[in-house]
Amino acid sequence: MARGGRKVERDGPERRCIATGQSQPARGLIRFVVGPEGQIVPDVAGKLPGRGIWVSADRAALDLAVKKKLFARAARQPVTVPDGLADLVTGQVLRRVLDLISLARKSGQAIAGYEKCRELAMAEEMAVLIQAADGSARGKTKLRPPEGDATYIDWLTAQELGLAFGREHVIHAALRAGGLQRPVVEEAARLAGLRTDIGGSAAGEDKTDA
């Protein structure tokens, strides 16, 4: 079990992290490739050509890979690592999470607002509860995630969730079961290990989104 109650599953193709030496499903790591001029390029979508270099989606592992010059060792050649690589990767994964939630919203699989989330929960149609890390701790306890693993995400800010829903801010959101549920959960799980600016649920202003 990892941060936010997310469960690390053991199916799918596995890759070895160059920092920890451990193998795990590829969806729990970040892929990098060596660019044409020897620069290390993050490939968060896993689609760039070239031999992949894999690092766990974990800030400490990524920092270690940079500090110990493990990218060059894995590539077997001199490489250039961009400054602020961890922040760059975190930003790219965050963008993927928000884009996926936005797609889910457009398809009707994601909804926002306390009342809508409450109605979805009462109808037993909620698959994943998403709440802003900087939302009111008291307000967030009024909604409970569904039973099971990987059903709660609380490491996005209200402003970030707002971007996914085309609003200024969103405190409460939810996903129905469907094709985008797993991609959102998996990308959010990668983001959880990379973030250092979110410390989990925070007690903030008691504001409730509509």
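Scanning residues 5 or more positions from residue 136 or on other chains, those with amide H under 5 Å from its amide H are 204, 207, with H placed 1.01 Å from N in the peptide plane. At a Förster radius of 41 Å, what calculated FRET efficiency corresponds to the Cβ-Cβ distance of residue 142 and residue 23, to the nearest 0.05? With a Förster radius of 41 Å, E is 0.50. Subtracting the Cα-Cα distance of residue 116 and residue 48 from their residue separation scaled by 0.36 nm leaves 20.6 nm. Close amide H contacts of residue 19 (hydrogens built in the peptide plane, cut-off under 5 Å, sequence separation of 5 or more or a different chain): 56. Counting only heavy atoms of the protein chains and using a 1.4 Å probe, residue 107 has close to 80 Å² of accessible surface.
With all protein chains in place and a 1.4 Å probe, the accessible surface of the chain carries 49 percent carbon and sulfur. Computed with a 1.4 Å probe over protein heavy atoms only, the accessible area of residue 87 comes to about 100 Å². Each residue of the range 43-60 was assigned a 3J(HN,Hα) from its phi angle through the Karplus curve 6.51 cos²θ - 1.76 cosθ + 1.60 (θ = phi - 60°); the sequence is 10, 5, 8, x, 10, 6, x, x, 6, x, 10, 10, 9, 3, 6, 8, 4, 5 Hz, with glycine and proline shown as x.
Stretching residue 77 away from residue 106 to a fully extended chain increases their span by 6.0 nm, per 0.36 nm per residue minus the current alpha-carbon distance. In terms of accessible area, using a 1.4 Å probe and ignoring ligands and nucleic acids, 142, 47 rank largest first as 47, 142.
Percent of Cα pairs in the chain per distance bin of 5 Å, from zero to the largest separation: 1, 7, 15, 19, 18, 13, 10, 8, 5, 2, 1, 0.
The values are calculated or read from the model by the stated rules, or taken from the named source; none is laboratory data. The model shown is predicted, which means the values in this text are computed figures rather than measured ones. Cβ coordinates were reconstructed from backbone atoms using ideal geometry, including for glycine residues, and neighbour counts include every protein chain displayed. The protein model used for the area step is the full one, side chains on, heavy atoms only, and it has no ligands, DNA or RNA in it. Shrake-Rupley method; radii C 1.70, N 1.55, O 1.52, S 1.80 Å.
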